[in-house]
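Data block below; observations after.
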Amino acid sequence: MNKLITLILKGLAAVVPIGLTVYFLYWLFSTAEELARPLVLLVWPEQDYFVGLGVLTSLLVLAVVGLVVNFYGIRYLMKLSQRLFEKIPLVKSIYGALQDMMTVFNLSKKTGKQSVVTLDIQGMQLIGFVTGEKMGQRLFGDQDLVGVYLPLSYQIGGMTVYVSREKLTPLNISMEEAMRIAVTGGVQSKN
């Protein structure tokens, strides 16, 4: 009986990550298709529509938006809308958090610097992401403090601390790998 339970648990451990990943991708693409289909049908004949056209159209629109936001006039309009969002009480909290999260994930690509670090606190090594070098200078002046985001395991959240630069040790791993280690509590499927 114990061997049967062990085999079932091993089977679950093998199937659940793959199954949930496939289901999430299916949900993501089917939701995108469902949302984009009515918009595509406004300009595309229904008899020529095929499954996947909504997702392809969405990706194309995102690429065009990515190109268009580089134009001066559009950047000006984006700044105006940003200022507007930052003045509305509830909206500014949501917008600011989402914007900051996108900045954190694009940080290593923008700066070209190593932003994954460990923070030494009483002999413990905490994995973090350097997020606020300029903000540390602005807030604390000559103290040379750096903003480090410390994610919490198994939940969306974390804390930002400002620490002395000498307490930080750069890690030679990608942002994705560091986030996976931090979020899963160090339990990884890869060695």
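The values are calculated or read from the model by the stated rules, or taken from the named source; none is laboratory data. It should be emphasised that the depicted structure is a prediction, and the values quoted were computed from it without experimental measurement. Glycine gets a Cβ as well: all are built from the backbone with ideal geometry, and neighbour counts include every protein chain shown. Please note that ligands, DNA and RNA were not included when accessible areas were found on the heavy atoms of the full protein model with its side chains. Shrake-Rupley method; radii C 1.70, N 1.55, O 1.52, S 1.80 Å.
A few comments on the model shown:
- Scope segment 142-175; condition part of a strand (DSSP E or B), farther than 13 Å from ILE127 by Cα and either among the β-branched types (Val, Ile, Thr) or modelled with pLDDT under 80 (or both); matching residues: VAL146, VAL163
- Within segment 38-81, tally of residues that are outside any loop (DSSP other than H, G, I, E, B), open to solvent by less than 90 Å² (accessible area, probe 1.4 Å) and either in contact with a strand residue (DSSP E or B) (Cβ under 9 Å, 6 or more places away or on another chain) or under 29 Å from GLN99 (Cβ atoms) (or both): 16
- In this structure, VAL163 qualifies as more than 21 Å from THR184 (Cα to Cα), surrounded by 15 or more Cβ atoms within 10 Å (Cβ to Cβ) and in contact (Cβ under 8 Å) with a residue 40 or more places away in the chain.
- Meets criteria (free of Cβ contacts under 8 Å to residues at least 12 places away in the same chain and in a loop (DSSP other than H, G, I, E, B)) for LYS10: no
- Residue in segment 8-31 that is surrounded by 12 or more Cβ atoms within 10 Å (Cβ to Cβ), at pLDDT 85 or above, under 26 Å from PRO151 (Cα atoms) and touching a helix residue (DSSP H, G or I) at 6+ places or on another chain (Cβ under 8 Å) present: no
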